[in-house]
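Read the figures in this text as sums done on the coordinates, not as results from a lab. In this text, all values refer to a predicted model and were calculated from it rather than measured experimentally. Positions of Cβ are generated from backbone atoms using ideal geometry, with glycine treated the same way; all protein chains shown enter the neighbour counts.
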Amino acid sequence: MKKSVLMAAVLSATLLGTSMASRAATLIANIDVSTQTMTVSKYGQVLYRWSVSTARKGYFTPRGSYRPQWTARMWYSRKYDNSPMPYSVFFHGGYAIHGTGAVRYLGRPASHGCVRLHTANAATFYAMVREVGYGNTRIVVAN
């Protein structure tokens, strides 16, 4: 009897520890296209709210829920004149969250479809994604 109670306690502690660890590692980036903001939450707590630029007229930023596909410390757009894309977190094909030097446009639609943010903020987000891993990161783009 004591042995089965002890085993149940060990199993329970293991399961609780695993679920808490996986929940604790969750990183969520909510991109609100209507307000041109990105809210970053970790461990269920909002840490950052940044201005972004999504697709301008004639272009499209994909809506939906994604996991990062890959990252690049520095990437150059093959499609748009080798434009620099520092701290890129690619989430849907060629679409990424990345830094920009065009900070005066943050807070309004200005991109070809990517989610642009201040390079310092992009570096912060990039580091967070690399720390917790792609599987523990969720990127949600909504109106």
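Relative to the present Cα-Cα distance, how much length would full extension add between A102 and F60 at 0.36 nm per residue of separation?
13.3 nm
For K79 paired with E131, estimate the spin-label separation in nm (one decimal), with each label point 7 Å from Cα along the Cα-to-Cβ line.
If labels sit at K79 and E131, their model points lie 3.1 nm apart.
Test of understanding: ordering M74, M128 by Cβ neighbours within 10 Å, fewest first, what list do you get?
Working: M74 11, M128 17.
Fewest-to-most Cβ neighbours within 10 Å comes out as M74, M128.
Between R67 and S34, what FRET efficiency comes out of the Förster formula 1/(1 + (r/R0)^6) with R0 = 22 Å and r the beta carbon distance, rounded to 0.05?
0.40
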